[in-house]
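Student: Structure in structure tokens, see below.
Readers should treat all values here as calculations from the given coordinates under stated rules, not as data from a laboratory. Not measured: the values here are computed from a predicted model. We place every Cβ from the backbone using ideal geometry, glycine too, and count neighbours over all the protein chains shown.
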Amino acid sequence: MTKNNEEGTVNDLFEEEPGIPLEAQLWGKNPKRTQLLRDLWFDQIAEQIDEEKEMPEDAKRELLFMMTANSVLDMVMESLPDDLSLELSYCLDHMMGLSAVNKKYDVDILEANYEVVSKIKRDDYNTDEEFEAAVIDKEEKWWAVGKQLLGGRSPNDAIAEALSKYGLNK
């Protein structure tokens, strides 16, 4: 299936705007969404922060960020049915943990994983199923085995460790 055919299939899901590619819908509109969120919340949040006369300016900027991020997360979770919000929360937590590990070790775990997995060639297997099984097996092992780039920690352990710092792995 070509990329255009895949986009066409995905576009069928967007009834209101059937010509929008998936990437444009998911990420391309984010600057416009940011403007809308600013119009919804900025004045109110800034007003609340300005009322904090005793608070240092650095703390005010941090509070502004924390209030905004919390509001966005609340809106995202409220925009989905509970079962999808639950799934999203686990995926989001995992990605934030992965990002924390990337920052701590100055690495890109996903890129490192891709470098290893991309070396598996379809031609080395008799069937698509064998190839798929080999990719899955390699991925599962890769995430569970210690890596030099993570100081000997496995990616799974490093992510769990990062999440535990914030109570997000419970």
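Student: Dipole size in debye (nearest 20) for the range 78-170 around its Cα centre, Lys and Arg Cβ +1, Asp and Glu Cβ -1? Could you put the intermediate results ahead of the total?
Tutor: Values: 11 positive and 20 negative charges, 139 e Å.
Around 660 debye, computed over the range 78-170.
Student: Quick one: Karplus J couplings for the range 156-170, per residue in order, coefficients 6.51, -1.76, 1.60, θ = phi - 60°, nearest Hz, x for Gly and Pro?
Tutor: Running phi through 6.51 cos²θ - 1.76 cosθ + 1.60 with θ = phi - 60° gives 4, 5, 5, 5, 4, 4, 4, 5, 5, 4, 10, x, 9, 10, 9 Hz.
Student: From the backbone phi of the range 44-56, what are the Karplus-calculated ³J(HN,Hα) couplings (6.51 cos²θ - 1.76 cosθ + 1.60, θ = phi - 60°) in whole Hz, Gly and Pro given as x?
Tutor: For the range 44-56, the Karplus curve yields 5, 5, 4, 4, 4, 5, 4, 5, 7, 5, 7, 7, x Hz.
Student: How are the alpha carbon pair distances in the range 81-170 distributed across 5 Å bins from zero to the largest one, expressed in percent?
Tutor: Per 5 Å bin, starting at zero, the Cα-Cα P(r) for the range 81-170 comes out as 3, 13, 20, 19, 16, 13, 10, 5, 1, 0 percent.
Student: A follow-up question, please. Provide the gained length on full extension for the span TRP27 to ASP124, in nm with one decimal, where the gain is 0.36 nm per separating residue minus the Cα-Cα distance.
Tutor: On the way: separation 97, 0.36 × 97 = 34.92 nm, distance 3.62 nm.
Taking TRP27 through ASP124 to full extension adds about 31.3 nm, to one decimal.
Student: Okay, moving on. Give me the Kirkwood hydrodynamic radius of the chain, using the inverse of the mean 1/r over all pairs of distinct Cα atoms, in Å to one decimal.
Tutor: About 20.1 Å, per the Kirkwood formula over Cα pairs.
Student: Report the charge-dipole magnitude of the chain in Debye, nearest 20, computed about the Cα centre from +1 at each Lys and Arg Cβ and -1 at each Asp and Glu Cβ.
Tutor: Charge dipole, the chain, about its Cα centre: 760 debye, nearest 20.
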